[in-house]
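As structure tokens, the structure follows; a few thoughts come after it.
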Amino acid sequence: MIEFDIQPTLDGQIVVFHDEELSRTTNGAGKLSRMTLSDLKRVDAGGWFSGRFAGERIPTLQEALESIPRTVAL
């Protein structure tokens with residue numbers, strides 16, 4: 001089972017992100033809901049955790065779903 005926290009951007013895109021504010025886990029500031037997807041794609045969402053993850057971006061829901069390997073268990 002996988003759980004995602006999702007939120008809409010200002011321009012109606014759905015992204016996977018837990019917090020309402022960007023500042024705790026990104027180099028951005030302000031409310032996510034007041035940003036467009038284009039704005040969010042310029043935010044570093046990995047560098048706060050480790051330099052190894054610097055440059056990671058906030059994924060759209062579609063991008064997150066596409067990153068999950070498909071398996072068939074019938």
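The values are calculated or read from the model by the stated rules, or taken from the named source; none is laboratory data. Note that the structure is predicted; figures quoted are calculated from it, not measured. Glycine gets a Cβ as well: all are built from the backbone with ideal geometry, and neighbour counts include every protein chain shown. The protein model used for the area step is the full one, side chains on, heavy atoms only, and it has no ligands, DNA or RNA in it. Shrake-Rupley method; radii C 1.70, N 1.55, O 1.52, S 1.80 Å.
Overview of values
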{"quantity": "Segment ASP39-GLU3, length gained on full extension (0.36 nm per residue, minus Cα span)", "calculated": "10.5 nm"}
{"quantity": "Gyration tensor verdict on the chain (Cα atoms; rounded if a/c is under 1.5, prolate if a/b is larger than b/c, oblate otherwise)", "calculated": "oblate"}
{"quantity": "Residue-by-residue Karplus 3J(HN,Hα) for region 5-19, coefficients 6.51, -1.76, 1.60, Hz, glycine and proline x", "calculated": "8, 10, 8, x, 8, 4, 9, x, 7, 9, 10, 9, 6, 7, 7"}
{"quantity": "Nearest-0.05 FRET efficiency for ALA29 and ARG52, computed from C-beta distance (R0 30 Å)", "calculated": "0.80"}
{"quantity": "Long-range HN-HN contacts of VAL15 with modeled amide H, under 5 Å", "calculated": "GLN7, THR9, LEU61"}
{"quantity": "Accessible surface, 1.4 Å probe, highest first, among residues MET35, MET1", "calculated": "MET1, MET35"}
{"quantity": "Integer Hz, Karplus 6.51/-1.76/1.60 couplings in order for region 22-29, x for Gly and Pro", "calculated": "7, 5, 5, 10, 9, 8, x, 9"}
